[in-house]
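Visitor: Before we start, here is the structure in question, set down as structure tokens.
The values are calculated or read from the model by the stated rules, or taken from the named source; none is laboratory data. Please read these numbers as outputs of a predicted model, since none were measured by experiment. Virtual Cβ from ideal backbone geometry, glycine too; neighbours counted across all protein chains shown.
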Amino acid sequence: MSFPDPIRLGIDRGWKVLDAAAMERDQALEFDVVVIGSGAGGGVSAEILTQAGLNVAIVEEGPLASSTEFKMREREAYPRLYQESAGRQTRDKAITILQGRCVGGSTTVNWTSSFRTPPQTLAHWRAAHGLASMTEAAMQPWFERMEERLAIAPWPVAPNENNDILRRGCEKLGYSSGAIARNVSGCLNLGYCGMGCPTNAKQSMLVTTIPAALDRGATLVQRARVMRFAFDGDRVTSCEARGVASGGAEASPHRLSLRARHFVLAAGAIGSPSILLRSQAPDPALTLGRRTFLHPAVVSAAVMPKAVNGFYGAPQSIYSDHFIEGVSPSGPAAFKLESGPTHPILVGITLPGFGAAHSQLMARLPHVQVAIALLRDGFHPDSAGGRVLLRSDGSPVLDYPISEYLWQGMRQALLVMAEVQFAAGADQVLPVHEAARPVRTWHEARTTIEALPMKALAARVMSAHVMGGCAMGADPRESVVTEAGRHHQLANLSIHDGSIFPTSLGANPQVSIYAQAARMAMGLAASLTRT
Amino acid sequence: MLARRRFLQVGLAGVALLGVARLMQRPEMPAYFRVLDGGSAPLIRALVPVVLAGSLPTREPERDVAIQEVVEAFDRAVAGLTPAVQGEIDDLLGVLCFGPTRLVLTGLWTPIEMAGGEEIAQFLTRWRTGRFDLLRAGYQALTQLIQASWYDNPTAWAVIGYPGPPQMPGRS
């Protein structure tokens, strides 16, 4: 049995693929629509726009990597497929951000967790952000459409032990939990989703919408970073891109100029604002790149009496919303509980400390269980998120100060995770914090965690979900795009990615991005084919 | 990891010292290193056995081979970072290589590659729980880059009980 590589087959069929890092001269190309970014937002938009008969270019900063080279090796995958070698950090280095940078964007490397936008989040957007159209009934057809397109369904296979520990611990304590739907088809339950699916079971943009768009004649420009837009009055006339080698340095001195009737920005919640900032796009209300959210996550590692082997099997199959469901926006910081896979580099750099103490824990790797708690940021006034800034070289960096409100939520989350892990039978629990030591009882955990100094670069904080910064809304004083995704000031620019959310979601974002992008792209296709 | 500005905020190292640390020519290294040089490569080589104590092979020549592989992987990892972050790492290694800043920030009177493992562990521990964000950031940068440079090495897998990725059907 071998696994066909749909990308290599497509290239053999004559797909139009251009490698900007290998350009030998300046080039200028023209399309109906240029889609910047090939992740959840860009992939869905490109498919829908090409289906409408439009001539589309998809521009991606990362490389076109495919299953033949997905070898389930962290040291190959992280530098090649992730932003900043999976080591992107907020400005003060307190939060490490896992974000894809390859064709398919984060969908190529995510852990397949599929949740609709929580009803409570939509209700908050209607109540606090004026998004009257964001009802469950209005969004349902878009969720259904994308769930069908990407084979998103409850997963019939039993969770791996790493996830089942979360389920059992919650059950013992009376905390609700549930099984996570996944976007997979014929999944072999290997567990290496984060390094690119070697069997193409994951229904990422890389194997679904992008091949469909390319089969209909779209052009893919890989390893191309869009530097800036050129404007004429309230219109974008072109965008300029440069070739990018691995590591992010400019590889090609040659410029690629892309002209189009319409531009769709889908470069993610750090990339999209950064392109507009570099372009000095209109930002009259100072909303651009502000209120950026991360679902900042804290981690609790447990050593279990029996082998867990959390490096094998679907990375995320169980969740608990017990500490998020029904928590009012004005209440304490709510958090979602999930598990994280235990591949050696990921665990090695996440466990605090060094030397013998660190090595002793690493030596128990097969027995290690990892719980994570994702905080729902952006709902409470004391959780205003971060801001995308440009460094002197034009590269973006997210300034995200963690508020006292969020630190208290993180302390609560560390307590709950330790409680759950001990309830599931853990021998030891290590709250992932520089000042913590492994503890052996829930009582000891409580005393330890309550005394931990919650501050930057003491607690280890991670993020895999960047959202906001180009919020949608009816009021241009509080948003960047309309509810249809159209830029308030620039007539032929749309934004279709996670940056349009006015808050974080309180759930893994891919399905919310797919659904919003589908809704916005259908509207855009209709307006572009009418004229 | 460390913007120069952060050093100044801390008030531990002055502008002049930092400027000098930056300008100091560090010896060149054989071409197989992409970013490390004759000053920073021995420094990382000295940190590796401390950060990975208890995980590296104990016998020679396996131990020496493993340490060398970690240093080379560290070099590749830094080369894969963006120019802006590479610059920050370079600043960090620069202040550790330059005597006056090293003394102020680590308390070590000798170059790090000549210090004992215990002394290195002490300065890393001080940085780990330091009052200043930049020391904690520097600690995390050094330890995480070294840990990331080791734990995907199959020699490490034997120590930590990781069987490696599953064999794929249809692949050699």
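Visitor: I'm checking my understanding of the structure. Among residues of segment A:355-370 that are among the hydrophobic types (A, V, I, L, M, F, W, C) and crowded, with 18+ Cβ neighbours inside 10 Å, which one is farthest from the other protein chains (Cβ to nearest Cβ)?
Guide: Residue satisfying both the conditions and the ranking: A:Val370.
Visitor: Now for a separate question. Considering only residues of segment A:377-395 that are assigned to a loop (DSSP other than H, G, I, E, B) and within 14 Å of chain B (Cβ to nearest Cβ), which is surrounded by the fewest Cβ atoms within 10 Å (Cβ to Cβ)?
Guide: My answer is A:Ser392.
Visitor: A further question follows. Exactly one condition in (1) farther than 30 Å from A:Ser392 by Cα; (2) within 14 Å of chain A (Cβ to nearest Cβ) is not met by B:Pro111; state its number.
Guide: (2)
Visitor: Of all residues in segment B:30-72, count the ones that are more than 12 Å from chain A (Cβ to nearest Cβ), of a type in the set (Asp, Glu) and under 14 Å from the mean Cα position of the chain (by Cα).
Guide: Total satisfying the criteria: 1.
Visitor: Restricting to segment A:353-381, what's the tally of residues that are within 30 Å of B:Trp157 (Cβ to Cβ) and under 24 Å from the mean Cα position of the chain (by Cα)?
Guide: Final tally of qualifying residues: 6.
Visitor: Just to check your reading of the model, which residue among A:Leu406, A:Leu374 is away from chain B (no Cβ under 14 Å), in contact with a strand residue (DSSP E or B) (Cβ under 9 Å, 6 or more places away or on another chain), part of a helix (DSSP H, G or I) and within 20 Å of A:Pro502 (Cβ to Cβ)?
Guide: A:Leu406
Visitor: Another question, if that's okay. Say we look at segment A:1-19 and pick out the residues that are at pLDDT below 95 and in contact with a Lys or Arg (Cβ under 9 Å, 6 or more places away or on another chain); which of these is farthest from the other protein chains (Cβ to nearest Cβ)?
Guide: A:Phe3
Visitor: In segment A:213-237, how many residues are free of Cβ contacts under 8 Å to residues at least 60 places away in the same chain and either in a strand (DSSP E or B) or within 15 Å of A:Val34 (Cβ to Cβ) (or both)?
Guide: Residues in segment A:213-237 being free of Cβ contacts under 8 Å to residues at least 60 places away in the same chain and either in a strand (DSSP E or B) or within 15 Å of A:Val34 (Cβ to Cβ) (or both): 4 in total.
Visitor: If you don't mind, there's one more thing I want to ask. Which of the residues spanning segment A:289-307 are surrounded by 23 or more Cβ atoms within 10 Å (Cβ to Cβ) and either within 21 Å of A:Val103 (Cβ to Cβ) or of a type in the set (A, V, I, L, M) (or both)?
Guide: Once the filter is applied, which keeps residues that are surrounded by 23 or more Cβ atoms within 10 Å (Cβ to Cβ) and either within 21 Å of A:Val103 (Cβ to Cβ) or of a type in the set (A, V, I, L, M) (or both), segment A:289-307 yields A:Leu294, A:Ala297, A:Val298, A:Val299, A:Ala301, A:Ala302.
Visitor: If the requirement is being assigned to a loop (DSSP other than H, G, I, E, B) and in contact (Cβ under 8 Å) with a residue 12 or more places away in the chain, which of these qualifies: A:Ser2, A:Ser38, A:Ser45?
Guide: Being assigned to a loop (DSSP other than H, G, I, E, B) and in contact (Cβ under 8 Å) with a residue 12 or more places away in the chain holds for just one of A:Ser2, A:Ser38, A:Ser45, which is A:Ser38.
Visitor: Which one of the conditions (1) free of Cβ contacts under 8 Å to residues at least 24 places away in the same chain; (2) touching a Phe, Trp or Tyr at 6+ places or on another chain (Cβ under 6 Å); (3) of a type in the set (Gly, Ala, Ser); (4) farther than 16 Å from B:Gly161 by Cα does A:Ala373 fail to meet, given that it meets all the rest?
Guide: The single condition A:Ala373 does not satisfy is (1).
Visitor: Condition (residue is buried (at least 24 other Cβ atoms within 10 Å of the Cβ), within 30 Å of A:Glu136 (Cα to Cα), away from chain B (no Cβ under 14 Å) and out of contact with any Gly (no Cβ under 9 Å at 6 or more places or on another chain)) applied to segment A:516-531: is it met by at least one residue?
Guide: no
Visitor: Looking at B:Ile146, B:Ile160, can you tell me which residue is under 16 Å from B:Ala41 (Cβ atoms) and in contact with a Leu (Cβ under 9 Å, 6 or more places away or on another chain)?
Guide: B:Ile146
Visitor: Restricting attention to segment A:250-283, report how many residues are at positive phi and buried (at least 20 other Cβ atoms within 10 Å of the Cβ).
Guide: So the answer is 1.
Visitor: Starting from residues that are crowded, with 22+ Cβ neighbours inside 10 Å, among the hydrophobic types (A, V, I, L, M, F, W, C) and within 7 Å of chain A (Cβ to nearest Cβ), keep the ones in segment B:114-149 and report whichever is nearest to B:Gln86 (Cα to Cα).
Guide: So, considering only residues that are crowded, with 22+ Cβ neighbours inside 10 Å, among the hydrophobic types (A, V, I, L, M, F, W, C) and within 7 Å of chain A (Cβ to nearest Cβ), the one nearest to B:Gln86 (Cα to Cα) is B:Ala137.
Visitor: Which residues, taken from segment A:51-96, are under 19 Å from B:Leu142 (Cβ atoms), more than 9 Å from chain B (Cβ to nearest Cβ) and part of a loop (DSSP other than H, G, I, E, B)?
Guide: Across segment A:51-96, the qualifying residue is only A:Thr90.
Visitor: Output the residue which, of all residues in segment A:213-249 that are among the basic types (Lys, Arg) and more than 25 Å from B:Val85 (Cβ to Cβ), is surrounded by the most Cβ atoms within 10 Å (Cβ to Cβ).
Guide: In this case the residue turns out to be A:Arg216.
Visitor: Right, something else. Right, A:Val103: crowded, with 24+ Cβ neighbours inside 10 Å, more than 8 Å from chain B (Cβ to nearest Cβ), under 22 Å from A:Val298 (Cα atoms) and of a type in the set (A, V, I, L, M, F, W, C) or not?
Guide: no
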